[in-house]
Amino acid sequence: NDGPFVRDFEKRIAEYVGVKHCIAMCNATIALENAIRALELKGEVIVPAYTFIATAHALQWQEITPLFADMDPTTYNIDPVSAERLITPRTTGIVGVHVWGRPCDTDAIDALGRKHGLKVMYDAAHAFGCSSNGKMIGGFGACEVFSFHATKFLNSFEGGAVVTNDDSLAEKLRLMRNFGFSGYDHVIYLGVNGKMTEVCAAMGLTSLEAIDELITINRRNYEAYCNWLRGLRGISVIKYDSTEKNNYQYVVLEVDPETAPLNRDELVAVLHAENVLARKYFWPGCHRMEPYKSLQPNAALLLSETERTASRILLLPTGQDVTFDAIKTICGIIRASFGQSNEVKAALRKLNL
(Lines give C-alpha, C1' and ligand atoms only; values in the text may rest on other atoms or scores of the structure.)
Protein backbone atom coordinates (compact mmCIF):
# COMPACT_ATOMS: atom_id res chain seq x y z
CA ASN A 1 0.00 0.00 0.00
CA ASP A 2 2.07 2.91 -1.34
CA GLY A 3 5.28 1.60 0.20
CA PRO A 4 8.71 3.27 0.12
CA PHE A 5 9.90 1.51 -3.06
CA VAL A 6 6.72 2.50 -4.90
CA ARG A 7 7.06 6.11 -3.79
CA ASP A 8 10.72 6.21 -4.80
CA PHE A 9 9.91 4.60 -8.16
CA GLU A 10 7.18 7.17 -8.83
CA LYS A 11 9.48 10.05 -7.88
CA ARG A 12 12.24 8.86 -10.19
CA ILE A 13 9.91 8.18 -13.10
CA ALA A 14 8.39 11.67 -12.79
CA GLU A 15 11.86 13.25 -12.64
CA TYR A 16 13.11 11.29 -15.64
CA VAL A 17 10.09 12.18 -17.77
CA GLY A 18 9.86 15.75 -16.48
CA VAL A 19 6.30 15.73 -15.13
CA LYS A 20 4.77 16.59 -11.77
CA HIS A 21 3.07 13.29 -11.01
CA CYS A 22 3.59 9.56 -11.56
CA ILE A 23 0.92 7.19 -10.26
CA ALA A 24 2.30 3.64 -10.40
CA MET A 25 -0.14 0.77 -10.87
CA CYS A 26 -0.17 -3.01 -11.04
CA ASN A 27 -0.16 -3.03 -14.85
CA ALA A 28 -0.66 -0.71 -17.80
CA THR A 29 -4.14 -1.99 -18.65
CA ILE A 30 -5.44 -1.02 -15.21
CA ALA A 31 -3.59 2.28 -15.61
CA LEU A 32 -5.37 2.88 -18.95
CA GLU A 33 -8.76 1.99 -17.49
CA ASN A 34 -8.28 4.25 -14.49
CA ALA A 35 -7.04 7.14 -16.63
CA ILE A 36 -10.04 6.80 -18.95
CA ARG A 37 -12.42 6.76 -15.99
CA ALA A 38 -10.65 9.64 -14.24
CA LEU A 39 -11.01 11.75 -17.38
CA GLU A 40 -14.73 10.87 -17.38
CA LEU A 41 -14.68 9.67 -20.96
CA LYS A 42 -17.92 8.16 -22.23
CA GLY A 43 -19.85 7.49 -25.42
CA GLU A 44 -17.22 7.16 -28.16
CA VAL A 45 -13.46 7.57 -28.02
CA ILE A 46 -11.14 7.54 -31.04
CA VAL A 47 -8.16 5.16 -31.03
CA PRO A 48 -5.89 3.80 -33.74
CA ALA A 49 -6.87 0.41 -35.13
CA TYR A 50 -3.17 -0.44 -35.22
CA THR A 51 -2.39 -0.87 -31.52
CA PHE A 52 -2.33 -3.56 -28.86
CA ILE A 53 -5.81 -4.80 -28.05
CA ALA A 54 -5.62 -3.46 -24.48
CA THR A 55 -6.01 0.10 -25.79
CA ALA A 56 -9.44 -0.74 -27.18
CA HIS A 57 -10.41 -3.14 -24.38
CA ALA A 58 -9.76 -0.49 -21.71
CA LEU A 59 -12.55 1.52 -23.32
CA GLN A 60 -14.97 -1.28 -24.22
CA TRP A 61 -14.66 -2.75 -20.71
CA GLN A 62 -16.25 0.48 -19.46
CA GLU A 63 -18.95 0.41 -22.15
CA ILE A 64 -17.23 3.13 -24.16
CA THR A 65 -17.17 2.53 -27.93
CA PRO A 66 -13.68 2.68 -29.48
CA LEU A 67 -13.80 4.25 -32.94
CA PHE A 68 -10.88 3.00 -35.04
CA ALA A 69 -8.81 5.56 -36.92
CA ASP A 70 -6.44 4.68 -39.76
CA MET A 71 -2.66 5.02 -39.54
CA ASP A 72 -0.36 7.57 -41.10
CA PRO A 73 1.75 5.44 -43.49
CA THR A 74 4.89 7.49 -42.80
CA THR A 75 4.77 7.18 -39.00
CA TYR A 76 2.62 4.04 -38.43
CA ASN A 77 0.77 6.09 -35.80
CA ILE A 78 -2.78 7.40 -35.67
CA ASP A 79 -3.65 9.65 -38.63
CA PRO A 80 -5.18 12.92 -37.32
CA VAL A 81 -7.10 13.40 -40.58
CA SER A 82 -8.69 9.97 -40.27
CA ALA A 83 -9.39 10.64 -36.59
CA GLU A 84 -11.23 13.88 -37.33
CA ARG A 85 -13.51 12.14 -39.83
CA LEU A 86 -14.74 9.85 -37.03
CA ILE A 87 -15.88 12.60 -34.66
CA THR A 88 -19.59 12.59 -33.87
CA PRO A 89 -21.68 14.34 -31.20
CA ARG A 90 -21.08 11.28 -28.97
CA THR A 91 -17.28 11.50 -29.18
CA THR A 92 -15.62 12.60 -25.95
CA GLY A 93 -11.93 11.85 -26.41
CA ILE A 94 -8.91 10.64 -28.37
CA VAL A 95 -6.33 8.11 -27.20
CA GLY A 96 -3.15 8.44 -29.26
CA VAL A 97 -0.56 5.64 -29.25
CA HIS A 98 3.20 6.04 -29.69
CA VAL A 99 3.82 2.86 -31.69
CA TRP A 100 7.31 1.34 -31.15
CA GLY A 101 8.29 4.44 -29.20
CA ARG A 102 7.99 6.65 -32.30
CA PRO A 103 5.88 9.62 -31.19
CA CYS A 104 2.56 10.27 -32.86
CA ASP A 105 1.72 13.78 -34.07
CA THR A 106 0.90 15.22 -30.66
CA ASP A 107 0.58 18.78 -32.00
CA ALA A 108 -2.12 17.75 -34.49
CA ILE A 109 -3.95 15.50 -32.03
CA ASP A 110 -3.90 18.10 -29.25
CA ALA A 111 -5.16 20.70 -31.73
CA LEU A 112 -7.94 18.33 -32.76
CA GLY A 113 -8.93 17.95 -29.12
CA ARG A 114 -9.08 21.72 -28.60
CA LYS A 115 -11.02 22.28 -31.82
CA HIS A 116 -13.74 19.78 -30.99
CA GLY A 117 -13.72 19.96 -27.19
CA LEU A 118 -12.32 16.44 -26.78
CA LYS A 119 -10.08 15.15 -24.00
CA VAL A 120 -6.74 13.77 -25.19
CA MET A 121 -4.56 11.14 -23.55
CA TYR A 122 -1.78 8.88 -24.83
CA ASP A 123 -0.95 5.21 -24.60
CA ALA A 124 2.83 5.40 -24.23
CA ALA A 125 3.38 1.72 -23.40
CA HIS A 126 6.24 1.52 -25.93
CA ALA A 127 7.67 4.95 -25.36
CA PHE A 128 9.38 5.29 -22.01
CA GLY A 129 12.72 7.03 -22.58
CA CYS A 130 11.62 8.54 -25.91
CA SER A 131 11.11 12.18 -26.91
CA SER A 132 9.06 14.24 -29.35
CA ASN A 133 10.32 17.61 -30.56
CA GLY A 134 12.89 17.50 -27.78
CA LYS A 135 10.30 16.95 -25.05
CA MET A 136 10.14 13.64 -23.21
CA ILE A 137 7.07 11.55 -23.89
CA GLY A 138 4.97 11.58 -20.74
CA GLY A 139 4.11 15.26 -20.72
CA PHE A 140 1.61 15.33 -23.59
CA GLY A 141 -2.17 15.47 -23.40
CA ALA A 142 -4.07 15.25 -20.13
CA CYS A 143 -1.97 12.23 -19.18
CA GLU A 144 0.08 9.39 -20.63
CA VAL A 145 0.27 5.72 -19.67
CA PHE A 146 3.49 3.69 -19.52
CA SER A 147 3.89 -0.08 -19.34
CA PHE A 148 6.62 -1.74 -17.28
CA HIS A 149 5.75 -5.31 -18.26
CA ALA A 150 8.62 -7.78 -18.53
CA THR A 151 8.60 -7.39 -22.34
CA LYS A 152 8.99 -3.63 -22.18
CA PHE A 153 12.09 -1.49 -22.17
CA LEU A 154 11.78 -0.57 -18.50
CA ASN A 155 10.93 -3.79 -16.67
CA SER A 156 9.27 -4.02 -13.27
CA PHE A 157 8.25 -7.67 -13.79
CA GLU A 158 4.71 -6.33 -14.20
CA GLY A 159 3.47 -2.80 -13.81
CA GLY A 160 2.36 0.45 -15.35
CA ALA A 161 1.88 4.10 -14.51
CA VAL A 162 -0.08 7.19 -15.38
CA VAL A 163 2.00 10.37 -15.64
CA THR A 164 0.48 13.83 -15.68
CA ASN A 165 0.96 17.49 -14.81
CA ASP A 166 -2.66 17.83 -13.67
CA ASP A 167 -2.82 17.98 -9.86
CA SER A 168 -6.53 17.14 -9.56
CA LEU A 169 -6.28 14.27 -12.03
CA ALA A 170 -3.32 12.82 -10.11
CA GLU A 171 -5.23 13.04 -6.83
CA LYS A 172 -8.22 11.28 -8.38
CA LEU A 173 -6.00 8.51 -9.80
CA ARG A 174 -4.32 7.89 -6.45
CA LEU A 175 -7.75 7.39 -4.89
CA MET A 176 -8.90 5.14 -7.71
CA ARG A 177 -5.97 2.73 -7.53
CA ASN A 178 -6.61 2.01 -3.82
CA PHE A 179 -10.37 1.40 -3.56
CA GLY A 180 -11.01 5.13 -3.04
CA PHE A 181 -9.30 5.28 0.37
CA SER A 182 -8.22 8.78 1.36
CA GLY A 183 -6.98 7.66 4.75
CA TYR A 184 -7.35 4.91 7.30
CA ASP A 185 -10.90 3.44 7.10
CA HIS A 186 -12.03 6.43 5.04
CA VAL A 187 -13.36 5.80 1.51
CA ILE A 188 -14.42 8.85 -0.49
CA TYR A 189 -14.30 7.62 -4.08
CA LEU A 190 -15.08 4.62 -6.29
CA GLY A 191 -11.87 2.68 -6.85
CA VAL A 192 -10.22 -0.65 -7.60
CA ASN A 193 -7.16 -2.57 -6.44
CA GLY A 194 -4.67 -1.14 -8.90
CA LYS A 195 -1.64 -0.78 -6.63
CA MET A 196 1.90 -1.66 -7.68
CA THR A 197 3.66 -4.06 -5.30
CA GLU A 198 6.90 -3.23 -3.54
CA VAL A 199 8.65 -6.12 -5.29
CA CYS A 200 7.69 -4.77 -8.72
CA ALA A 201 8.74 -1.26 -7.73
CA ALA A 202 12.13 -2.56 -6.54
CA MET A 203 12.63 -4.28 -9.91
CA GLY A 204 11.61 -1.05 -11.67
CA LEU A 205 14.18 0.90 -9.66
CA THR A 206 16.85 -1.63 -10.63
CA SER A 207 15.92 -1.18 -14.30
CA LEU A 208 16.06 2.60 -13.92
CA GLU A 209 19.60 2.34 -12.55
CA ALA A 210 20.63 0.53 -15.74
CA ILE A 211 18.65 2.61 -18.21
CA ASP A 212 21.62 4.04 -20.13
CA GLU A 213 23.15 0.59 -20.47
CA LEU A 214 19.82 -0.83 -21.69
CA ILE A 215 19.52 1.86 -24.36
CA THR A 216 23.10 1.21 -25.48
CA ILE A 217 22.41 -2.53 -25.85
CA ASN A 218 19.15 -1.96 -27.70
CA ARG A 219 20.74 0.52 -30.09
CA ARG A 220 23.69 -1.80 -30.71
CA ASN A 221 21.31 -4.62 -31.61
CA TYR A 222 19.18 -2.37 -33.80
CA GLU A 223 22.21 -1.12 -35.74
CA ALA A 224 23.52 -4.68 -36.14
CA TYR A 225 20.23 -5.76 -37.70
CA CYS A 226 20.29 -2.72 -40.00
CA ASN A 227 23.83 -3.54 -41.15
CA TRP A 228 23.24 -7.26 -41.78
CA LEU A 229 19.89 -6.74 -43.54
CA ARG A 230 21.02 -3.80 -45.67
CA GLY A 231 20.39 -4.24 -49.38
CA LEU A 232 17.98 -7.15 -48.98
CA ARG A 233 15.28 -6.83 -51.63
CA GLY A 234 11.82 -6.08 -50.29
CA ILE A 235 12.95 -5.59 -46.68
CA SER A 236 13.08 -2.24 -44.91
CA VAL A 237 13.97 -1.73 -41.25
CA ILE A 238 11.81 0.92 -39.58
CA LYS A 239 13.99 3.94 -38.81
CA TYR A 240 14.19 6.07 -35.68
CA ASP A 241 14.74 9.83 -35.65
CA SER A 242 18.36 10.29 -34.60
CA THR A 243 17.60 13.83 -33.38
CA GLU A 244 15.20 12.45 -30.74
CA LYS A 245 15.73 10.19 -27.74
CA ASN A 246 14.60 6.62 -28.26
CA ASN A 247 14.80 3.35 -26.37
CA TYR A 248 15.42 1.29 -29.56
CA GLN A 249 13.38 -1.51 -28.01
CA TYR A 250 11.78 -2.63 -31.26
CA VAL A 251 13.46 -3.99 -34.41
CA VAL A 252 10.66 -3.73 -36.96
CA LEU A 253 10.76 -4.96 -40.55
CA GLU A 254 8.32 -4.07 -43.29
CA VAL A 255 8.20 -6.84 -45.89
CA ASP A 256 6.97 -5.66 -49.29
CA PRO A 257 5.05 -8.57 -50.87
CA GLU A 258 5.50 -7.05 -54.33
CA THR A 259 9.31 -7.12 -54.28
CA ALA A 260 10.43 -9.51 -51.52
CA PRO A 261 10.98 -13.17 -52.54
CA LEU A 262 8.89 -14.25 -49.52
CA ASN A 263 5.95 -12.42 -48.00
CA ARG A 264 5.70 -11.59 -44.30
CA ASP A 265 3.79 -14.73 -43.31
CA GLU A 266 6.16 -17.00 -45.21
CA LEU A 267 9.14 -15.35 -43.56
CA VAL A 268 7.56 -15.76 -40.12
CA ALA A 269 7.01 -19.47 -40.82
CA VAL A 270 10.68 -19.89 -41.79
CA LEU A 271 11.92 -18.08 -38.68
CA HIS A 272 9.62 -20.03 -36.38
CA ALA A 273 10.84 -23.29 -37.95
CA GLU A 274 14.37 -22.20 -36.96
CA ASN A 275 13.18 -21.37 -33.41
CA VAL A 276 13.46 -17.61 -33.97
CA LEU A 277 10.60 -15.94 -32.09
CA ALA A 278 9.70 -13.33 -34.68
CA ARG A 279 6.24 -11.79 -34.33
CA LYS A 280 3.53 -10.33 -36.52
CA TYR A 281 2.88 -7.20 -34.50
CA PHE A 282 -0.62 -5.83 -33.86
CA TRP A 283 -1.83 -8.32 -36.45
CA PRO A 284 -4.54 -8.23 -37.76
CA GLY A 285 -5.54 -4.91 -36.14
CA CYS A 286 -8.01 -4.33 -33.32
CA HIS A 287 -10.90 -3.93 -35.76
CA ARG A 288 -10.47 -7.56 -36.87
CA MET A 289 -10.54 -8.96 -33.33
CA GLU A 290 -13.55 -9.65 -31.15
CA PRO A 291 -15.76 -8.11 -30.01
CA TYR A 292 -15.02 -5.32 -32.48
CA LYS A 293 -15.11 -7.54 -35.56
CA SER A 294 -18.76 -8.29 -34.78
CA LEU A 295 -19.70 -4.88 -33.40
CA GLN A 296 -18.12 -2.91 -36.28
CA PRO A 297 -18.05 -5.32 -39.26
CA ASN A 298 -17.41 -2.57 -41.82
CA ALA A 299 -14.60 -0.79 -39.98
CA ALA A 300 -11.95 -2.08 -42.41
CA LEU A 301 -13.48 0.00 -45.23
CA LEU A 302 -12.08 3.14 -43.59
CA LEU A 303 -8.71 1.61 -42.66
CA SER A 304 -6.88 1.13 -45.94
CA GLU A 305 -3.40 1.96 -44.60
CA THR A 306 -3.86 -0.22 -41.52
CA GLU A 307 -5.05 -3.11 -43.71
CA ARG A 308 -2.10 -2.73 -46.06
CA THR A 309 0.60 -2.28 -43.44
CA ALA A 310 -0.53 -4.79 -40.81
CA SER A 311 0.10 -7.65 -43.25
CA ARG A 312 3.69 -6.51 -43.81
CA ILE A 313 5.06 -5.91 -40.31
CA LEU A 314 7.47 -8.28 -38.56
CA LEU A 315 9.35 -7.82 -35.28
CA LEU A 316 12.69 -9.52 -34.62
CA PRO A 317 14.15 -10.58 -31.25
CA THR A 318 16.30 -8.10 -29.36
CA GLY A 319 17.25 -7.24 -25.78
CA GLN A 320 20.06 -7.88 -23.34
CA ASP A 321 20.30 -11.62 -24.01
CA VAL A 322 20.37 -11.35 -27.80
CA THR A 323 24.02 -11.48 -28.88
CA PHE A 324 25.76 -10.33 -32.06
CA ASP A 325 26.14 -13.97 -33.06
CA ALA A 326 22.40 -14.56 -32.63
CA ILE A 327 21.57 -11.48 -34.71
CA LYS A 328 24.01 -12.55 -37.42
CA THR A 329 22.42 -16.02 -37.46
CA ILE A 330 18.89 -14.59 -37.70
CA CYS A 331 19.87 -12.30 -40.56
CA GLY A 332 21.62 -15.24 -42.23
CA ILE A 333 18.41 -17.28 -42.05
CA ILE A 334 16.47 -14.44 -43.67
CA ARG A 335 19.06 -14.02 -46.44
CA ALA A 336 19.25 -17.77 -47.07
CA SER A 337 15.47 -18.14 -47.23
CA PHE A 338 15.25 -15.29 -49.72
CA GLY A 339 17.98 -16.91 -51.83
CA GLN A 340 16.07 -20.22 -51.86
CA SER A 341 12.57 -18.78 -51.97
CA ASN A 342 11.14 -21.27 -54.47
CA GLU A 343 12.25 -24.23 -52.37
CA VAL A 344 10.97 -22.53 -49.21
CA LYS A 345 7.56 -21.86 -50.77
CA ALA A 346 7.28 -25.48 -51.89
CA ALA A 347 8.19 -26.77 -48.42
CA LEU A 348 5.68 -24.45 -46.75
CA ARG A 349 2.92 -25.67 -49.12
CA LYS A 350 3.65 -29.26 -48.14
CA LEU A 351 3.31 -28.28 -44.49
CA ASN A 352 0.14 -26.27 -45.26
CA LEU A 353 1.81 -23.15 -43.89
Between residue 325 and residue 277, the two model label points (7 Å from Cα along the beta-carbon direction) sit apart by a distance in nm of 2.0 nm
Diagonalise the Cα gyration tensor of segment 187-259 and give the resulting equivalent ellipsoid semi-axes, square root of 5 times each eigenvalue, largest first, whole Å. 38, 18, 10
So how do 207-213, 302-308 stack up, highest first, on mean other-Cβ count within 10 Å? 302-308, 207-213
Solvent-accessible ranking of 289, 121, 136, largest area first, probe 1.4 Å: 289, 136, 121
Please sort by residue number the trypsin sites (Lys or Arg not before Pro) in segment 5-108 whose DSSP state is loop and whose Cβ has at most 14 other Cβ atoms within 10 Å. 20, 90
State the dimensionless ratio Rg/Rh of segment 22-115 (Rg: radius of gyration of Cα atoms; Rh: Kirkwood radius). 0.94
Would you please put 233-240, 100-107 in order of how densely packed they are, using the mean number of other Cβ atoms within 10 angstrom per residue and starting with the highest? 100-107, 233-240
So for the pair residue 301, residue 184, with labels modelled 7 Å out along Cα→Cβ, what separation do we get in nm? 6.2 nm
Could you pull out the pairs from 11/119; 20/119; 11/245 whose alpha carbons sit more than 24 Å apart here? 11/119
Local electrostatic count at residue 36 - Lys and Arg +1, Asp and Glu -1, tallied over other residues with Cβ under 13 Å: -2
Just how far, in whole angstrom, is segment 84-140 from segment 24-81 if you go by their alpha carbon centroids? 10 Å
Within a Cβ distance under 14 Å of residue 225, other residues only, what is the Lys/Arg minus Asp/Glu net charge? +3
Expressed as a rounded percentage, what relative contact order does segment 178-247 have, with Cα pairs under 8 Å and six or more residues apart? 19 percent
With a bin width of 20 angstrom, please list the P(r) values of the chain as percents of all Cα-Cα pairs, from the 0 bin to the one holding the largest distance. 30, 56, 14, 0
For a distance above 14 Å, tell me the whole-number percent of Cα pairs in segment 271-353 that qualify. 74 percent
What length, rounded to one decimal in nm, is gained on full extension from residue 342 through to residue 206, with 0.36 nm per residue of separation minus their alpha-carbon distance? 44.1 nm
Where the Cα atoms of segment 212-317 are projected onto their three principal axes, how long is each span, largest first, in whole Å? 45, 32, 25
When you take every Cα atom in segment 158-281, what is the radius of gyration, and what is Dmax, the widest Cα pair distance, in Å? 21.9, 66
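The values are calculated or read from the model by the stated rules, or taken from the named source; none is laboratory data. Note that the structure is predicted; figures quoted are calculated from it, not measured. So basically every Cβ, Gly included, is an ideal-geometry build from the backbone, and we count neighbours across all protein chains shown. Side chains included, ligands, DNA and RNA excluded: accessible areas come from the protein's heavy atoms. Shrake-Rupley method; radii C 1.70, N 1.55, O 1.52, S 1.80 Å.
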